[in-house]
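Novice: Below is a structure I'd like to ask you about.
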Amino acid sequence: MTELQSEFAPSTEELKTAEARLPVELIGLQEEFFRRLGSMGRSRNTLKNYRTDLDCFNHYLRETQKRMDISHFGQSEILEYGSYLQVKYTSDNSRRRRVQALRIFFDYLVEKSLFPSNPVRKLTTSPKFLDIPRPTPLVDVKTLWNYLLNEAKNSSDMSKLLAYRNLVTLLLIYGGGLKVSDLTNLKTEHITLTMPPRVMVLADRRDPYSVELPNVFTSVFSDYRKLLEEMKSKSQMEFDHLLFNANPYRILSGGLSARGLEIIFEEFRKKLIITLTPKSLRQACIFKWIHQGKNDALIKEWMGVAPSYGMKLYKEHADKHLYSEDFLEEMYSEILGARN
């Protein structure tokens with residue numbers, strides 16, 4: 001069991017209590033489902049939310065069903081659960097989230113051939129109300145970029161490699177709008193050094209798509225790839241992930257989990273005293289695209305969202321959040337360009 005799975009695994013006492021309330025099969029299937037999400041790189045907070053949302057379903061079973069199992073569940077039972085949510089929650093987002101969690105859980109059960117189809121897909125969800133975007137301020141993006149560029153001048157090979165890894169990560173999020181879940185399993189082969197460079201994103205529920213990156217990415221990535229290959233050779237390691245997990249002395253493994261990326265950003269936020277999360281940096285990227293004149297259809301494609309996704313909040317606040325990417329090339333040339 002990984003550290004992530006261990007943290008969110010129920011205690012022995014909690015599991016015994018749950019087994020007394022619900023069939024062991026349902027509890028076991030839910031635990032398998034959570035482990036599956038953990039192995040896919042979902043963050044601690046995401047796993048916690050799924051537990052909370054499915055616990056609502058478990059509570060419904062205990063309250064309303066004489067037979068507390070789901071083997072007989074079909075569309076009529078799911079519609080009854082929908083009515084239960086309408087009464088229990090006044091928040092549209094709360095209802096929507098619980099339906100979405102149950103839908104994904106039943107997708108898992110269909111995948112395991114325990115259900116022929118997903119009955120939850122017949123249940124209409126409440127509309128999603130989006131929060132007002134709170135992007136990382138441009139001055140904080142510049143502060144982080146400047147810090148990482150100077151770290152890349154470090155004489156220690158490992159420190160330099162870590163700095164370049166973080167430069168690449170920043171460019172993929174601020175330059176390409178990738179989510180931490182996109183970065184977790186990103187491979188080196190997904191990068192294409194055309195003009196401009198592009199990254200291929202492999203999404204769970206849609207066809208792969210590519211996103212344009214800032215031109216400076218080519219220089220940063222070329223240096224990073226060379227340093228990474230040298231360090232992999234020294235460490236006698238082989239992996240095709242673009243990112244890696246490491247301590248200050250050596251590479252530990254290929255790939256970097258969503259939680260690992262969040263921790264890196266937390267450390268930068270505290271060290272530099274800036275407003276920074278992967279989400280806020282991605283929102284800054286979306287505002288940047290708007291100011292670059294990208295059309296809504298292209299922005300939605302690069303965001304990996306449905307064509308029906310509403311851009312209203314971003315458009316309404318665009319005048320308050322001005323972003324560009326010119327400084328990326330300028331600062332890179334000033335700090336690192338002379339020695340490359």
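The values are calculated or read from the model by the stated rules, or taken from the named source; none is laboratory data. The model shown is predicted, which means the values in this text are computed figures rather than measured ones. Here the Cβ is made from the backbone with ideal geometry for all residues, glycine too, and neighbour counts use every protein chain on show.
Novice: Could you list, in sequence order, the residues of segment 277-296 that are surrounded by 14 or more Cβ atoms within 10 Å (Cβ to Cβ), assigned to a loop (DSSP other than H, G, I, E, B) and either of a type outside the set (Lys, Arg) or touching a residue at least 60 places away in the same chain (Cβ under 8 Å) (or both)?
Specialist: 277
Novice: Right, next: Condition check: surrounded by 19 or more Cβ atoms within 10 Å (Cβ to Cβ) and in contact with a Leu (Cβ under 6 Å, 6 or more places away or on another chain). Does residue 256 satisfy that?
Specialist: yes
Novice: So, in segment 191-233, of the ones that are surrounded by fewer than 17 Cβ atoms within 10 Å (Cβ to Cβ) and among the hydrophobic types (A, V, I, L, M, F, W, C), which residue ends up modelled with the lowest pLDDT?
Specialist: 203
Novice: Among the numbered criteria (1) under 20 Å from residue 171 (Cβ atoms); (2) aliphatic (A, V, I, L, M); (3) not in a helix (DSSP H, G or I), which one does residue 299 miss?
Specialist: (3)
Novice: Based on this model, can you work out whether residue 262 counts as over 18 Å from the mean Cα position of the chain (by Cα) and not assigned by TED's automatic domain parsing to the domain that holds residue 40?
Specialist: no
Novice: Kindly establish whether residue 200 is more than 17 Å from residue 244 (Cα to Cα) and under 16 Å from the mean Cα position of the chain (by Cα).
Specialist: Yes, satisfied.
Novice: Here's something else I'd like to know. Of the residues that sit in segment 25-47 and are more than 17 Å from residue 263 (Cα to Cα) and not hydrophobic (A, V, I, L, M, F, W, C), which one is surrounded by the most Cβ atoms within 10 Å (Cβ to Cβ)?
Specialist: 30
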